[in-house]
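**Student:** This is the structure I want to talk about, given as structure tokens.
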Amino acid sequence: MKTFDYENSVGFVVYAASKVIQKAYDVELRNKAGITITQAKIIFALYAQSGSTLRELADKIGVESPTLVPVIDKMEEDGYVKRKPDSKDRRIKRIFTTPKADRLWDSMMDCASQVRKVSTTSLSEQEVQSAIRTIRKISKNLSEYLGE
């Protein structure tokens, strides 16, 4: 029977690191900006592509569209985003940030900086950059393998 050292596999280590980084960022965001990591991901995605549709946002942050509906509803209710009909197809709603979301930007950046600082405390900048390059190579290899 073949054996597999799961806990020392690249996939497991990257996944575990990703989970704990996201958890730390979520805690920072909730405490300092009053939003969740999912809400922050939506704001980041809308800064990258303002006026995205729900499907575009879901693809960008890696979740299914139905998962985002209640999050967008809550963000709209809280005044962070606004839905507007598409100019060519009024059935399509485009999503935009509001000035209230814009005011969160500095807090979001501070939270990200704090998580980076804590997560890299015992690492040199060279080690951090090497890790980033290595993870990007792994991601590229797998994306090519999957034809993406």
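**Student:** Taking segment 97-148 as the search range and keeping residues that are in contact (Cβ under 8 Å) with a residue 24 or more places away in the chain and aliphatic (A, V, I, L, M), which one is nearest to K19 (Cα to Cα)?
**Tutor:** Filtering segment 97-148 for residues that are in contact (Cβ under 8 Å) with a residue 24 or more places away in the chain and aliphatic (A, V, I, L, M), the one nearest to K19 (Cα to Cα) comes out as V115.
Every residue, every condition in (1) at pLDDT below 95; (2) not charged (D, E, K, R), yes or no:
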position: K2; (1), (2): yes, no
position: I37; (1), (2): no, yes
position: T53; (1), (2): no, yes
position: G62; (1), (2): yes, yes
position: D73; (1), (2): no, no
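**Student:** Could you please give the count of residues in segment 5-50 that are of a type in the set (G, A, S) and within 28 Å of F96 (Cα to Cα)?
**Tutor:** 8
**Student:** Scan segment 69-86 and tell me whether some residue there is free of Cβ contacts under 8 Å to residues at least 24 places away in the same chain, surrounded by 10 or more Cβ atoms within 10 Å (Cβ to Cβ), β-branched (V, I, T) and in a helix (DSSP H, G or I).
**Tutor:** Checking segment 69-86: at least one residue is free of Cβ contacts under 8 Å to residues at least 24 places away in the same chain, surrounded by 10 or more Cβ atoms within 10 Å (Cβ to Cβ), β-branched (V, I, T) and in a helix (DSSP H, G or I).
**Student:** Could you please find all residues in segment 46-68 being of a type in the set (D, E, K, R), assigned to a helix (DSSP H, G or I) and exposed (fewer than 13 other Cβ atoms within 10 Å of the Cβ)?
**Tutor:** Once the filter is applied, which keeps residues that are of a type in the set (D, E, K, R), assigned to a helix (DSSP H, G or I) and exposed (fewer than 13 other Cβ atoms within 10 Å of the Cβ), segment 46-68 yields only R55.
**Student:** Quickly run through segment 108-137 and pick out the residues that are surrounded by 13 or more Cβ atoms within 10 Å (Cβ to Cβ) and among the β-branched types (V, I, T).
**Tutor:** V115, T120, V128, I135
**Student:** If you take the residues in segment 1-45 that are exposed (fewer than 11 other Cβ atoms within 10 Å of the Cβ) and among the acidic types (D, E), which one is farthest from the chain's Cα centre (by Cα)?
**Tutor:** D5
The values are calculated or read from the model by the stated rules, or taken from the named source; none is laboratory data. Keep in mind the model is a prediction, meaning the values are calculated, not measured. Reconstructed Cβ throughout: ideal geometry from the backbone, glycine too, with neighbour counts over all protein chains shown.
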